[in-house]
Structures are given as structure tokens and as C-alpha cells.
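Chemist: Questions regarding the structure given below will be posed in turn.
The values are calculated or read from the model by the stated rules, or taken from the named source; none is laboratory data. For clarity, every value in this text was computed on a predicted model and none was experimentally measured. Cβ placement follows ideal geometry from the backbone for every residue including glycine, while neighbour counts extend to all protein chains displayed.
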Amino acid sequence: MADRKGLIEQATLYLGQPINPNLKVNPVIGEMADVLTPVKPGEDVKVFADRTDFAKEIYTVDSEGAITVHKNSPSTATKLTFDHWNSRLEYLLVSDVMDAEDQSYLAEKKVSITDSMDSNEVRQIIAGILAIGGQEVVQATADDIYEVIRSLKNKIGDYGDNYLLLVGTSVKDLIDNYSKDNASNFDYEVDLQKYIANSGITVVKVTGSIDIDASGSVKILADDTAIMVARNSAIAQGKPIKFVRRQINPAIAEGMGVTPDAAERAVVIVPTAVNLGGINTLAYACYGYESLVIAITNYRALAFCQGIV
């Protein structure tokens, strides 16, 4: 009985890489950020200011999307603090699993948590960008999507090139149908797709939603929003965003009865019984955990526009 009790109380820490081992992070993050992961347990992450006066402020983004401004010096590196993220506790009633033909629910929950945490990383980076003052482009009454994209490019054109344009669903539709929508208005050739190609802009549509609380879900990127990123900066090395996950501490992993394998995220499966709302319930529970730094090191290479029509 003692052994059985120990098994019930002990949580299991499943360590592993993303479902596709070639994609360490969400592809959108890889497009707009330098992925510098993993960082070993206890290792510091520090950044230096660049040589110009343009990029001496660094922004870090926490798990709620809030930004913290760090004043940076060319002579002294700024140490960044890792933020600890965990997913919502998900659970499955044992009775539901026992009576179902499909017995893979627990594995599906694990995949769902991993996917949600990937999506939340993208959402928080976007939230951090949209919180930066002075980088918003406002669509004028007479401006269409062509002028919005040109304004975004002009906003950051002095600070980099190799542009990435992240767009919501309705903005992508405006781009795709631009020529058709304006067929009767053009007095001369205005080819938006040609302008995008000639300007070195890569367009990426960001879709999907994520549950943030009991009130429901929110879009990862709003349908009417566009963000432009200059990925080859003229004033700072690399992309303007840095993304770092910390490797799970081997001592923590071994203390939970598993062998660490350079993993950066843990999905913890808690065996039955699970305390739900103060009641011990015959259920399995699982949640995800990771530790990471999201740092915007060159905010002038980022611009955004909201409410695009």
C-alpha cells in the first residue's frame, strides 16, 4: 500500500522536444526573432547596447504581454531576467477515459498544451510589439492597404531591411484582392504584389486563437492588424527580437523521477486523485511549464498598424 500511495502522489515530468524536432519554436517566432535557445540552467542572458543612440532601450515581455523597459549602456551588459510560464491545469475524468473507445485522450491533452504554449509565445511577442510607444502607423481616411504597407516600410526603413509583414486574416484578404477591388479606380498601374516583392517584404498570415481565461479566446493577431519587422538591422546585430528558453534543470527533473534530455519545456502529468475546487476527484491532470526571455533589442525596426480597413 505504501508503494501504491507513493505512485498516486508523485507527478510525472515528461520532458521532450517539440512534436517536429526540426521546429524548435513556432515558425512565426523563427521568422521575426533570433532564437538563442537553449540556455543552460543557471546561465545568465546579457545584452549590450549598440553603438548608436537609437537602440539603448531594451524591452522584455512577460507571460501577460506586459513590457519592461531596460536602459542599456554600450559599456555594461544588461542582465535579463527569465520569466516563468505555465499553462492552465487541464484534467480528464477517469470515468470519461474508461468509457471511451479512444484511449489517447491524455496524449492529446499533452499535445494540446504544447500547441497552446507555442501559440502563447507568439501572442505575447505580438502584445509586446503593440505596446511599444511611437511605433504605430495610423491609417489615414484616404489611405488604402497599399499606403498602409508603404507607411510601415517608411517608418522603419532607416533602421533595417529584409522586411517581414505579419498580417491578420482581413488584412491578408485586402492584399490578395487589392487589384480586383480597385479595378475601376486605377488611372495608372498600381500593383501591390509587385510593390511588396520589389521592396523585399515577406507576408505571413497569422491565424488562430488562444484561451487566456474563463471568458473565452482571443486572436493571436487581430484580423485588422499588421506588424512589419526589419530583420536585417542597420543599427543592431541580428533580428530586433531575441527569444531564449532555459533548459530544464536536471536536478529538478531527476527529483521527479525522469532523465533530462536537454529539454526546454515540461508537461507534468499528475495522477489521480486530483484536487479540483477543494474536492479530491478521480481524474488525471496535466500542465506545461517553461522558463524564457523575450527581449526586443531594437524597437525602431518594428512598426504596426491596427484597425486597417
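Chemist: Among Ser184, Ser112, which is modelled with pLDDT under 90 and in a helix (DSSP H, G or I)?
Modeler: Ser112
Chemist: The conditions are (1) touching a residue at least 24 places away in the same chain (Cβ under 8 Å); (2) surrounded by 15 or more Cβ atoms within 10 Å (Cβ to Cβ), and Val111 fails exactly one of them. Which is it?
Modeler: The single condition Val111 does not satisfy is (2).
Chemist: Among the residues of the stretch 43-67, write down those that are out of contact with any Lys or Arg (no Cβ under 8 Å at 6 or more places or on another chain) and either modelled with pLDDT of 75 or more or within 19 Å of Leu221 (Cβ to Cβ) (or both).
Modeler: Correct list: Tyr59, Thr60, Val61, Asp62, Ser63, Glu64, Ala66, Ile67.
Chemist: Pull up the stretch 216-237, narrow it to residues that are in a strand (DSSP E or B) and at pLDDT below 90, then point me to the one that is farthest from Ile132 (Cα to Cα).
Modeler: Restricting to residues being in a strand (DSSP E or B) and at pLDDT below 90, the top hit is Gly216.
Chemist: When the residues of the stretch 252-273 are narrowed to those that are within 29 Å of Ala283 (Cβ to Cβ) and of a type in the set (Gly, Ala, Ser), which ends up modelled with the highest pLDDT?
Modeler: Looking at the filtered set, the residue picked out is Ala273.
Chemist: Would you please name the residue that is modelled with the lowest pLDDT, looking only at residues in the stretch 115-126 that are polar (S, T, N, Q) and touching an Asp or Glu at 6+ places or on another chain (Cβ under 9 Å)?
Modeler: Filtering first and then ranking leaves Ser116.
Chemist: Which members of the stretch 14-33 meet the condition of being surrounded by fewer than 18 Cβ atoms within 10 Å (Cβ to Cβ) and modelled with pLDDT of 75 or more?
Modeler: Matches in the stretch 14-33: Pro27, Gly30, Glu31.
Chemist: Which of the residues that make up the stretch 120-154 are closer than 30 Å to Arg88 by Cα and hydroxyl-bearing (Ser, Thr, Tyr)?
Modeler: To start, the set of residues in the stretch 120-154 that are closer than 30 Å to Arg88 by Cα comprises 120-132.
Passing the criteria: none in range.
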